[in-house]
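Q: Below is the structure I would like to discuss, written out as structure tokens.
The values are calculated or read from the model by the stated rules, or taken from the named source; none is laboratory data. Please read these numbers as outputs of a predicted model, since none were measured by experiment. Backbone-built Cβ (ideal geometry, glycine too); neighbour counts: all protein chains shown.
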Amino acid sequence: MTLTEILFYTFSAVLIVAAVGVITARNPVHAALFLVLAFCNSAVLWLLMEAEFLAIVLVLVYVGAVMVLFLFVVMMLDINIAQMREGFTRYAPLGIIVALLVIAEIASVVWVKRLGLEEAAPAVFAAGPDYSNTRALGELLYSKYLYPFELAAMLLLLAIVAAITLTMRRRRGAKQQDVAAQVAVRPQDRVRLVKMQPEK
Amino acid sequence: MSPEFAASWLGDSWPQWLQATVLYGVIAVVLFISIILMMAFLTLIERRVIGSIQARIGPNRVGFNGIGQPFADVLKLLVKEIIIPANASKLLFIVAPLLALVPALCTWAVVPFAPGFTIADVNAGLLYILALTSAGVYGVILAGWSANSKYAFLGAMRAAAQMVAYEIAMGFALVGVVMAAGSLNLGEIIEAQRGGPLSYFFWWLIPLFVVYFISGIAETNRAPFDVVEGESEIVAGFHVEYSGMAFAVFFVAEYVNMILISALTSIFFFGGWLSPFEGYPLPSWLAWLGAPSFIWLFVKVWFFLFCFLWFRATFPRYRYDQIMRLGWKVFIPVTLVWIFVEGLLWYFKIGPWAGA
Amino acid sequence: MKTPASFFKTFFLTELLVGLFVTFRQFAFRPNVTVQYPEEKTPQSPRYRGLHAQRRYPNGQERCIACKLCEAVCPALAITIESDVSADGTRRTTRYDIDLFKCIYCGYCEEACPVDAIVLTRIHEYHMENRGENIFTKDKLLAIGDRYEAMIAADKAADARYR
């Protein structure tokens, strides 16, 4: 067994344990932290496959930003576990069907190998040490896949705008500061110097 | 850092992997000790500088002129008891300080200290730094949550929101640097700034520099962005419940992050180890001043560290909503606009892009 | 943004730079004002209200006549006095205790005293190591008075013009 294989099996084992932890942990914060661990391990697996850019972006985006906000919300929840378990048996059949579907999809991808990876980048694994997959990814994203890429970006923007319009409401009577007005204020606007006649 | 370098030191009799392990091990330990020492004296210098700005002297009793103060502090913290609060999440409570410190130290692996001296000369160095600095927030969040204290929890919430907000501005500012350098490798970013102080990225990327450095201050939770600790509101924020060495580890992480942000600012915008006298005629006995070396990085890092202290002594703490406003509504638009401007400059071949 | 000037002010951080200049001026060009305490001391007024003392007349007779005015005026109830007729037939205290933990060093006892017996000296560096030592008895107060009589007398003389 080579060093790479030992590393692969170690990190895969931790990844699987963490993934099981995500769905079995009682405490939602612990579950979220298991998810972080799972992300870190899959990033390492990607590193082993020489996909540095994807690995680092996974850590940067999911571990660094998404999961932080996730924890932010989860920590403030006060979840009643008994209440959550109520619907467990009722929704179990649906859950099993979805799980089976996902397994079937993954299996089809893994076994049939119809990802098209071999055709898209046949030179990746033969590339020398100078090969930068950041550059290769950028070239593909901004030339061949520019349109879908921009479309995905627009979709995300739409989601942000929609979320903001759904949740933002102007409350009546709420006081808000106008920073521009504060910055633009002059001493004359705030203080009036009055000249008074001295009394006797 | 090449394996040949190790071979010349250790001889050919050792197997290659052992040579590499020993070499990197030694370098890592030396680097760790020097950064910790630098951090220790930074605490002393901070107290002296802020003291001087406030017309005080600061600690000057331990050793000659207070030189021994950091060691006295460490000794004090070492012998103090580490209290774990009742109902705290024990494991997370103990792991949290390490989660804050480890990313801060790991980041140094890709920082170029001198021409040709980087521990790991990786291509995506800048992304690696962004990823690790963003992972540092977990220490703060978990410390706040696991302590089972509302003050700590409020501090953690603030930290989470603030660090995520400023990471984006920071990332965008670095996009501008990457556009100017054409590489994600820190060594190549420095090389791109060769040709005297006028060719530093600072001149063309001033808005990005300002955004990056201020975001860096916010990212390290230093004054004026230290609502995470905000003594007047939430006691000491996320680390209220920590004592002794557990607290000290947070302290170390904060200062190591400060040094890191200073080093990165000088690398991205001020040419890192490049000499500011490069390209100017110097008398022959001063020729070494023009050569790129570690000294210049050191000087630049200390300048920015001084700025950290200077800002802390000058500006009052921001209010929380103002911090959010600055991050989301000022910095991100500013960086976006400047990236666009940079794109135009690049397209019309103006400034540093004239020859590109 | 009302005016281009205010826009300028905001985006070029001019106000912040002015602030930075002020602090840097102090850092680089102005002296520190710290007094290095045990070696250097700030000047004290002769009216300084520190540790208590009881004085004697030059002939060695204690001044206190047990009038209990100080006990009455003390806002912190720190003074406890018991009196009796002494061997020479005069009215004297048998007990004169000041609880230094209760005392707020207001100096009313000194003001109230008709014979200048109880005074507050300018001694402010003293400590206790055990419980109970905070009660200063008559003997202790007299001992302090004997030891620092020269200083107390000089302070009283310096302040006499203004009383």
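Q: Just checking, how many residues over the range A:60-100 are closer than 25 Å to residue B:142 by Cα, part of a helix (DSSP H, G or I) and either at pLDDT 80 or above or within 14 Å of another protein chain (Cβ to nearest Cβ) (or both)?
A: So the first thing to find is which residues in the range A:60-100 are closer than 25 Å to residue B:142 by Cα, and the list is A:60-81, A:84.
When the remaining residues are screened for being part of a helix (DSSP H, G or I), the result is A:60-76, A:81, A:84.
Checking the rest, the ones that are also either at pLDDT 80 or above or within 14 Å of another protein chain (Cβ to nearest Cβ) (or both) come to A:60-76.
Summing the residues that are closer than 25 Å to residue B:142 by Cα, part of a helix (DSSP H, G or I) and either at pLDDT 80 or above or within 14 Å of another protein chain (Cβ to nearest Cβ) (or both) in the range A:60-100 gives 17.
Q: Failed condition for residue B:128, given (1) under 21 Å from the mean Cα position of the chain (by Cα); (2) farther than 21 Å from residue B:271 by Cβ; (3) within 9 Å of another protein chain (Cβ to nearest Cβ), with all others met?
A: (2)
Q: Surrounded by 19 or more Cβ atoms within 10 Å (Cβ to Cβ) and more than 13 Å from chain A (Cβ to nearest Cβ): which single residue out of B:147, B:104 fits that description?
A: B:104
Q: Right, something else. Which one of these does residue B:169 not meet: (1) within 11 Å of chain A (Cβ to nearest Cβ); (2) among the aliphatic types (A, V, I, L, M); (3) touching a residue at least 60 places away in the same chain (Cβ under 8 Å)?
A: Checking residue B:169 against (1) within 11 Å of chain A (Cβ to nearest Cβ); (2) among the aliphatic types (A, V, I, L, M); (3) touching a residue at least 60 places away in the same chain (Cβ under 8 Å), the one that fails is (1).
Q: Between B:269, B:294, B:306, B:348, which is within 14 Å of chain C (Cβ to nearest Cβ) and of a type outside the set (Gly, Ala, Ser)?
A: Answer to the selection: B:306.
Q: Could you pull out the residue among B:195, B:187 that is more than 12 Å from every other protein chain (Cβ to nearest Cβ) and either assigned to a helix (DSSP H, G or I) or under 21 Å from residue B:222 (Cβ atoms) (or both)?
A: Working: B:195 fails: either assigned to a helix (DSSP H, G or I) or under 21 Å from residue B:222 (Cβ atoms) (or both).
After applying the criteria, what remains is B:187.
Q: May I ask you to verify whether residue B:72 is more than 11 Å from chain A (Cβ to nearest Cβ), buried (at least 19 other Cβ atoms within 10 Å of the Cβ), part of a helix (DSSP H, G or I) and at pLDDT 85 or above?
A: No.
Q: I would also like to ask the following. When the range C:22-78 is examined, which residues are found to be outside any loop (DSSP other than H, G, I, E, B) and within 14 Å of chain B (Cβ to nearest Cβ)?
A: Scanning the range C:22-78 gives C:22, C:23, C:24, C:25, C:26, C:27, C:28, C:29.
Q: Out of the residues in the range B:37-61 that are hydrophobic (A, V, I, L, M, F, W, C) and surrounded by fewer than 16 Cβ atoms within 10 Å (Cβ to Cβ), which is farthest from the other protein chains (Cβ to nearest Cβ)?
A: Of the range B:37-61, the ones hydrophobic (A, V, I, L, M, F, W, C) are B:37-42, B:44-45, B:49-50, B:53, B:55, B:57.
Restricting the remaining residues to those that are surrounded by fewer than 16 Cβ atoms within 10 Å (Cβ to Cβ) gives B:37, B:41, B:55.
Values: B:37: 24, B:41: 18, B:55: 5 Å.
It comes out as B:37.
Q: Continuing with the same structure: Filter the range C:40-70 down to the residues that are of a type in the set (D, E, K, R) and in contact (Cβ under 8 Å) with a residue 12 or more places away in the chain, then identify the one that is farthest from residue C:141 (Cα to Cα).
A: C:47
Q: What about residue B:218, is it out of contact with any His (no Cβ under 9 Å at 6 or more places or on another chain), assigned to a helix (DSSP H, G or I) and over 28 Å from residue C:21 (Cβ atoms)?
A: no
Q: Could you say whether any residue in the range B:313-332 is within 14 Å of chain C (Cβ to nearest Cβ), under 29 Å from residue B:101 (Cβ atoms), of a type in the set (Val, Ile, Thr) and part of a helix (DSSP H, G or I)?
A: yes
So that you can scan it fast, the table gives a plain yes or no per residue for (1) surrounded by 23 or more Cβ atoms within 10 Å (Cβ to Cβ); (2) closer than 21 Å to residue B:274 by Cα; (3) out of contact with any strand residue (DSSP E or B) (no Cβ under 8 Å at 6 or more places or on another chain):
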{"position": "B:88", "(1), (2), (3)": "no, no, yes"}
{"position": "B:94", "(1), (2), (3)": "no, no, yes"}
{"position": "B:100", "(1), (2), (3)": "yes, no, yes"}
{"position": "B:118", "(1), (2), (3)": "no, yes, yes"}
{"position": "B:126", "(1), (2), (3)": "yes, yes, yes"}
{"position": "B:134", "(1), (2), (3)": "yes, no, yes"}
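Q: Would you be able to tell me the number of residues in the range B:134-144 that are more than 8 Å from chain A (Cβ to nearest Cβ) and not small (Gly, Ala, Ser)? Don't jump to the end; show me each part of the working.
A: Going residue by residue through the range B:134-144, those that are more than 8 Å from chain A (Cβ to nearest Cβ) are B:136, B:139-140, B:143-144.
Remaining after also requiring not small (Gly, Ala, Ser): B:140.
Here the count works out to 1.
Q: Given the condition part of a helix (DSSP H, G or I), more than 13 Å from every other protein chain (Cβ to nearest Cβ) and of a type in the set (Lys, Arg), answer yes or no: does some residue in the range A:161-170 qualify?
A: No, the range A:161-170 contains no residue that is part of a helix (DSSP H, G or I), more than 13 Å from every other protein chain (Cβ to nearest Cβ) and of a type in the set (Lys, Arg).
Q: Identify, by number, the condition in (1) touching a Ser or Thr at 6+ places or on another chain (Cβ under 7 Å); (2) at the interface with another protein chain (Cβ under 10 Å from one of its Cβ atoms); (3) touching a residue at least 40 places away in the same chain (Cβ under 8 Å) that residue B:110 doesn't meet.
A: That leaves (2) as the condition not met.
Q: Write out, first by first residue and then by second, each pair whose Cβ atoms fall under 6 Å of each other, whose residues are 6+ apart or on separate chains, and whose first residue, in the range B:114-131, is assigned to a strand (DSSP E or B) while the second is crowded, with 18+ Cβ neighbours inside 10 Å and not aliphatic (A, V, I, L, M).
A: Sorted first by the residue in the range B:114-131, then by its partner, the pairs are B:114/B:273.
Q: Which condition number in (1) under 24 Å from residue B:162 (Cα atoms); (2) part of a loop (DSSP other than H, G, I, E, B) is the one that residue B:277 fails?
A: (1)
Q: Now for a different question. Out of B:176, B:171, report the one residue that is surrounded by fewer than 24 Cβ atoms within 10 Å (Cβ to Cβ), of a type in the set (Gly, Ala, Ser) and part of a helix (DSSP H, G or I).
A: B:171
Conditions tested, residue by residue: (1) within 27 Å of residue C:13 (Cβ to Cβ); (2) out of contact with any Gly (no Cβ under 7 Å at 6 or more places or on another chain); (3) aliphatic (A, V, I, L, M); (4) surrounded by 10 or more Cβ atoms within 10 Å (Cβ to Cβ).
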{"site": "A:150", "(1), (2), (3), (4)": "no, yes, no, yes"}
{"site": "A:164", "(1), (2), (3), (4)": "no, yes, yes, no"}
{"site": "A:167", "(1), (2), (3), (4)": "no, yes, no, no"}
{"site": "A:188", "(1), (2), (3), (4)": "yes, yes, no, no"}
{"site": "A:191", "(1), (2), (3), (4)": "yes, yes, yes, no"}
{"site": "A:197", "(1), (2), (3), (4)": "no, yes, no, no"}
{"site": "A:200", "(1), (2), (3), (4)": "no, yes, no, no"}
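Q: Residues to consider are B:194, B:222; find the one that is basic (Lys, Arg) and under 16 Å from the mean Cα position of the chain (by Cα). I'd like the intermediate steps shown before the answer.
A: On the way: B:194 fails: under 16 Å from the mean Cα position of the chain (by Cα).
When all the criteria are applied, what remains is B:222.
Q: Among A:12, A:42, which is the only one that is surrounded by 16 or more Cβ atoms within 10 Å (Cβ to Cβ) and either in a loop (DSSP other than H, G, I, E, B) or modelled with pLDDT of 85 or more (or both)? Reasoning before the result, please.
A: Working: A:12 fails: surrounded by 16 or more Cβ atoms within 10 Å (Cβ to Cβ).
From the options A:12, A:42, the qualifying one is A:42.
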